[in-house]
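Notes follow once the structure below has been shown.
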Amino acid sequence: MRNEVYRYHDLLTNHFYASTRLIPKRREKSRGKYIRKYDKPQTPYQRLLVTLNAESKRYKKLVEQHARFNLIERGRKVEEGLRKLYGYMRQVKGQRGNLIFDLVTDQNLAKAD
């Protein structure tokens, strides 16, 4: 269940969520502060395409996957998986809550005897 959520969310993240990367980080001698420089925001998909040869099978496969990617459907699948996961967590929490209550009650009865 959790793996299903990750599978769909990872694809969304890799294809559509842009992030910046730290390029160099150097220390300023006079004040001792670090100066950080970042590249422009790109998705992991875009970064990978830059490194691959345009004629390679992997490049073509990624471009084809991106072209037929249905963003709305993937978002729905992530939400559906999260709902299932949260429902399962509530169920487990409820069972654990009752178990803890039962243990505490049993201990209190033992003390009363």
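Go through (1) surrounded by fewer than 12 Cβ atoms within 10 Å (Cβ to Cβ); (2) outside any helix (DSSP H, G or I); (3) at pLDDT 85 or above one by one and return the number of the condition Glu64 breaks.
Result: Glu64 passes all but (2).
Under 8 Å between Cβ atoms, at least 6 apart or on separate chains: pull out the pairs that start in the range 61-73 with a residue that is over 12 Å from Leu11 (Cβ atoms) and end on any residue that is at pLDDT below 90 and loosely packed, with under 10 Cβ neighbours inside 10 Å.
Filtered contacts from the range 61-73: no entries.
Looking at (1) modelled with pLDDT under 85; (2) under 30 Å from Val78 (Cα atoms), which one does Pro41 not meet, given that it meets all the others?
Unmet for Pro41, out of (1) modelled with pLDDT under 85; (2) under 30 Å from Val78 (Cα atoms): (1).
Any residue that is over 19 Å from Phe16 (Cα atoms) and basic (Lys, Arg) - is there at least one of those in the range 61-80?
No, the range 61-80 contains no residue that is over 19 Å from Phe16 (Cα atoms) and basic (Lys, Arg).
Whether any residue in the range 39-55 is of a type in the set (Lys, Arg) and more than 29 Å from Glu4 (Cβ to Cβ) is what I want to check.
Scanning the range 39-55 turns up at least one residue that is of a type in the set (Lys, Arg) and more than 29 Å from Glu4 (Cβ to Cβ).
Can you find a residue that is modelled with pLDDT under 85, on the phi > 0 side of the Ramachandran plot and surrounded by fewer than 13 Cβ atoms within 10 Å (Cβ to Cβ) anywhere in the range 14-31?
Looking through the range 14-31, none of the residues is modelled with pLDDT under 85, on the phi > 0 side of the Ramachandran plot and surrounded by fewer than 13 Cβ atoms within 10 Å (Cβ to Cβ).
List the residue pairs whose Cβ atoms are under 6 Å apart, where the first residue sits in the range 24-38 and is in a strand (DSSP E or B), the second is aromatic (Phe, Trp, Tyr) and at pLDDT 85 or above, and the two are 6 or more positions apart or on different chains.
Taking only residues 6 or more apart or on different chains, the pairs are Lys25/Tyr34; Arg27/Tyr34.
Give all pairs with beta carbons closer than 9 Å in which a residue from the range 40-54 that is under 19 Å from Tyr17 (Cβ atoms) meets a residue that is surrounded by fewer than 11 Cβ atoms within 10 Å (Cβ to Cβ) and of a type in the set (A, V, I, L, M, F, W, C); count only pairs at least 6 apart in sequence or on separate chains.
Every condition considered, the pairs that remain are Gln42/Val50.
The values are calculated or read from the model by the stated rules, or taken from the named source; none is laboratory data. Quick caveat: nothing in here was measured; it's all calculated off a predicted structure. Neighbour counts run over all protein chains shown; Cβ positions are idealised from the backbone, glycine included.
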